[in-house]
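The values are calculated or read from the model by the stated rules, or taken from the named source; none is laboratory data. This is a predicted model, so every value here is computed, not measured. Methodologically, a virtual Cβ is constructed for each residue, glycine included, from the backbone with ideal geometry; neighbour enumeration extends over all protein chains shown. All accessible areas refer to the heavy atoms of the entire protein, side chains included, with ligands and DNA or RNA removed. Shrake-Rupley method; radii C 1.70, N 1.55, O 1.52, S 1.80 Å.
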Amino acid sequence: MSNNIKFLQGNEACAEGALYAGLDFFSGYPITPSTEIAEHLSINLPKVGGKYLQMEDEIGAMCAIIGASLTGHKVMTATSGPGFSLKQEAIGYAVMAEIPCVVVNVQRGGPSTGNPTHVSQGDVNQARWGTHGDHSIITLTASNHQDVFAMTVEAFNLAETYRTPVILLFDEVVGHMREKLVMPEQDEIPLVGRLRTDCKEGVDYHPYLPREDGRLPMSDFGGSHRYNVTGLYHDMWGFPTDKPEAVRELCRHLVDKIENNVHSITRFKEYYLDDARTIFISYGSAARPTLHMVESRRRRGERLGLLELQTLWPFPAGLIREKCADARYIVVVEMNMGQIVREVKMAVKSPENVFLANRIDGELITPVDIRKFLRIIQGKGA
Amino acid sequence: MEDKNYIRERFFPHIWCPGCGHGIVLNNLLRAIEQLKLKKNEIVMTSGIGCSSRISGYVDFHTLHTIHGRALAFATGVKLSRPELKLIVPMGDGDALAIGGNHFIHAARRNIDITAIIMNNRIYGMTGGQFSPLSGYGTRATTAPYTNIDHDFDVVELAKAAGASFVARTTTYHVKEMADILKQAILHKGFSAVEVMSQCPTYFGRKNRLGDAVDMMEHYKNSTVRVGSKKIEKNPDLIERGVFVEKESPEYCSEYDKIIQKAMGTSA
Ligand SMILES: Cc1ncc(C[n+]2csc(CCOP(=O)(O)OP(=O)(O)O)c2C)c(N)n1
Ligand code: SF4
């Protein structure tokens, strides 16, 4: 057992989770605070026969993993704000061409070069809407290393299940903090492999014709089925088309395959919600001080609870509506100017009961900060 | 016997204008592949965005039509993840050397076994005739109405300096030479860069009063010479064609295999 306990950085926990999930191709470009992921994988990927590729920029890295995914590999790239901005066009390509891949963004302060060595959660909306055009996307996050590991594995599973890029939105505090990770045993967390077509060689294979269950079996580049992959609107052969009905159908498909499965994609944790009058909603490193504060005030009899989101997109509006139905106050704790709070307001019946507790100076929000916000919200003064 | 029909007839007619040089490149590329007796399943063609990049849709290989300028980056991922595949990357001059210039020099520097074909028509064809980095000083384009003040550079010199281990140039007039060079480039182990001067009569030709496609190809005949020709001493404006570099140097995927051996502790 003791063999399976590691003490490491969140970034390393992410890299370990990826290896557990079967990652065998990583491409990246160094950037703080994500670089340790690349370093860890440059050491450990070739040990298992995998490939580490350092490209000339983040755009190239994103493109390279898409190419490698098409040959049948599990792929990932990792970056932070400026690099995440650069990757957006190619992320959209992966959305359109339905290529499974995992994109890690260890958030730092932005915009621009911003606050490189400090924490922020300012890229939540960029993860959702960063690439142009209508689409949907999956984004997961985590507040501790055990969950970083688990969510990384989940990201690979969801990428394969839905044939889509999945964004892992971590942050500087989680990425750089060191804490314990209990390495799961082999087979402890189920893995989703590539769904490959059972069409025989010589039989027409349609790369973009969904099965009855909506999934699209793939065929490895270099295998027996040759087909076209494009970022243009395309037909079931993968050949470009601008026929209105084909365009409409594909656009719908790209959004529906994710939005219609919010329930299966949603991951969350809840603490003391049963009798909570005030419900905090938080995620990533901000969820840690929030939980601390909730637990310490509970001891004094305050009916506080925490809903920690791990799936940020597609937004679990139904879950929030249900969990917050009886809450007097709903306080969203996040380290930005209010990105998830907006979604929460749209999700609940009484948006006037929803408040933001935030910190945007590059420092981790503290239990004291959150408590101050709560007192103001409750009309008790600062 | 391998199926010799390399064309996806279902996807025709093609989008190119009458007289466009890109169709000639397609023809000779397929001729080269046929002569090399390559199997369709072992070829991956990746391309970016542009008139030239549309080639990938028409050929019956594994084809990856990507985003503007990034074809070589996608190709690098395909190749390193599956080194036994043959990667062919046709690109426009804008695609390869403006937006994609960085990927071009770095793919050359890595010497990864990819064949890059730069179909140089000295213009942005697909977007309607704006000047490209290869248009050259004094030319005209829709965005250079008073003549172009941007200087071009020499693709061959760039590829050489960046470390490509096979570098060649040819034109759409010299079709036999083109097929031969493409054969050598595909067989070469390492990064090969082939510049093909390819006419865009619709925009570059019209804007610069160069006549029709036939006139433009005549011009390729008259303005170029075989590499090493004495004629260039008398007329330094002549452009050399042929193979400029063909050397053995360590190929990226093979080098990475050694890294794997080192990491696994199976090498000395
Ligand atoms: C990021 C991005 N910028 C701009 C464009 C618009 N665009 C499409 S093709 C092209 C240039 C095409 O010229 P070239 O690569 O020389 O190929 P040609 O069409 O001449 O064969 C441009 C600018 C684009 N598709 N994507
Ligand atoms: S615009 Fe120029 S490059 Fe494009 S198809 Fe027409 S002739 Fe060819």
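For the reader, a short list of remarks on this structure follows.
- Inspection of the range A:361-380 identifies at least one residue that is closer than 27 Å to A:Pro116 by Cβ, in contact with a Gly (Cβ under 8 Å, 6 or more places away or on another chain) and part of a loop (DSSP other than H, G, I, E, B).
- From the list B:Val89, B:Val78, the one residue that fits, being more than 16 Å from ligand 2 (Cβ to nearest atom), more than 10 Å from chain A (Cβ to nearest Cβ) and not polar (S, T, N, Q), is B:Val89.
- The range A:287-317, residues that are in contact with a helix residue (DSSP H, G or I) (Cβ under 8 Å, 6 or more places away or on another chain) and either assigned to a strand (DSSP E or B) or free of Cβ contacts under 8 Å to residues at least 12 places away in the same chain (or both): A:Leu304, A:Gly305, A:Leu306, A:Leu307, A:Glu308, A:Leu309, A:Thr311, A:Leu312, A:Trp313
- Every residue from the range B:128-156 that is open to solvent by 50 Å² or more (accessible area, probe 1.4 Å) and away from ligand 1 (no atom under 15 Å from the Cβ): B:Tyr137, B:Arg140, B:Pro145, B:Tyr146, B:Thr147, B:Ile149, B:His151, B:Asp154
- Test: residue in the range B:52-65 that is touching a residue at least 24 places away in the same chain (Cβ under 8 Å), within 10 Å of another protein chain (Cβ to nearest Cβ) and under 16 Å from A:Val75 (Cβ atoms): no
Yes/no matrix, rows are residues, columns are (1) buried (at least 16 other Cβ atoms within 10 Å of the Cβ); (2) of a type outside the set (Lys, Arg); (3) more than 30 Å from B:Phe11 (Cβ to Cβ); (4) within 14 Å of another protein chain (Cβ to nearest Cβ):
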residue: A:His225; (1), (2), (3), (4): yes, yes, no, yes
residue: A:Tyr233; (1), (2), (3), (4): yes, yes, no, yes
residue: A:Met236; (1), (2), (3), (4): yes, yes, no, yes
residue: A:Glu245; (1), (2), (3), (4): no, yes, no, no
residue: A:Glu249; (1), (2), (3), (4): no, yes, no, no
residue: A:Asp256; (1), (2), (3), (4): no, yes, no, no
residue: A:His263; (1), (2), (3), (4): no, yes, yes, no
residue: A:Glu270; (1), (2), (3), (4): no, yes, yes, no
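- B:Ser229 falls short on exactly one of the conditions (1) touching a residue at least 40 places away in the same chain (Cβ under 8 Å); (2) open to solvent by 20 Å² or more (accessible area, probe 1.4 Å); (3) assigned to a loop (DSSP other than H, G, I, E, B), and that condition is (1).
- Within the set B:Gly101, B:Gly69, B:Gly23, B:Gly77, the sole residue that is out of contact with any Asp or Glu (no Cβ under 6 Å at 6 or more places or on another chain) and open to solvent by less than 10 Å² (accessible area, probe 1.4 Å) turns out to be B:Gly77.
- Residues of the range A:322-336 satisfying the condition of being more than 20 Å from the chain's Cα centre (by Cα) and in a loop (DSSP other than H, G, I, E, B): A:Cys324, A:Ala325, A:Asp326, A:Ala327, A:Arg328
- Some residue of the range A:76-90 being open to solvent by 20 Å² or more (accessible area, probe 1.4 Å), away from chain B (no Cβ under 14 Å) and modelled with pLDDT of 95 or more: yes
- Number of positions in the range A:96-119 that are more than 11 Å from chain B (Cβ to nearest Cβ) and either in a strand (DSSP E or B) or within 16 Å of ligand 1 (Cβ to nearest atom) (or both): 8
- Residue in the range B:112-119 that is among the hydroxyl-bearing types (Ser, Thr, Tyr), open to solvent by 10 Å² or more (accessible area, probe 1.4 Å), more than 8 Å from ligand 1 (Cβ to nearest atom) and away from every other protein chain (no Cβ under 14 Å) present: no
- Being among the polar types (S, T, N, Q) and surrounded by fewer than 20 Cβ atoms within 10 Å (Cβ to Cβ) holds for only one residue in A:Asn336, A:Asn353, and it is A:Asn353.
- Among the conditions (1) over 30 Å from A:Gly49 (Cβ atoms); (2) touching a Ser or Thr at 6+ places or on another chain (Cβ under 8 Å); (3) open to solvent by 10 Å² or more (accessible area, probe 1.4 Å), the only one that B:Gln35 does not satisfy is (2).
- For the range B:194-223, taking the residues that are more than 13 Å from ligand 2 (Cβ to nearest atom) and either within 14 Å of another protein chain (Cβ to nearest Cβ) or buried (at least 22 other Cβ atoms within 10 Å of the Cβ) (or both), the one that is nearest to B:Ala144 (Cα to Cα) is identified as B:Glu195.
- Condition check for B:Pro83: within 16 Å of ligand 2 (Cβ to nearest atom), open to solvent by 20 Å² or more (accessible area, probe 1.4 Å) and in a loop (DSSP other than H, G, I, E, B): no
- Criterion (over 11 Å from the mean Cα position of the chain (by Cα), of a type outside the set (A, V, I, L, M), within 14 Å of chain A (Cβ to nearest Cβ) and near ligand 1 (Cβ under 9 Å from one of its atoms)) met by exactly one of B:Gly163, B:Gly94, B:Gly100, B:Gly125: B:Gly100
- Residue in the range B:157-165 that is polar (S, T, N, Q), within 16 Å of ligand 2 (Cβ to nearest atom), under 22 Å from B:Phe244 (Cα atoms) and open to solvent by less than 10 Å² (accessible area, probe 1.4 Å) present: no
- Yes/no for A:Ala13 being open to solvent by less than 10 Å² (accessible area, probe 1.4 Å), more than 14 Å from chain B (Cβ to nearest Cβ) and under 27 Å from A:Ser224 (Cα atoms): no
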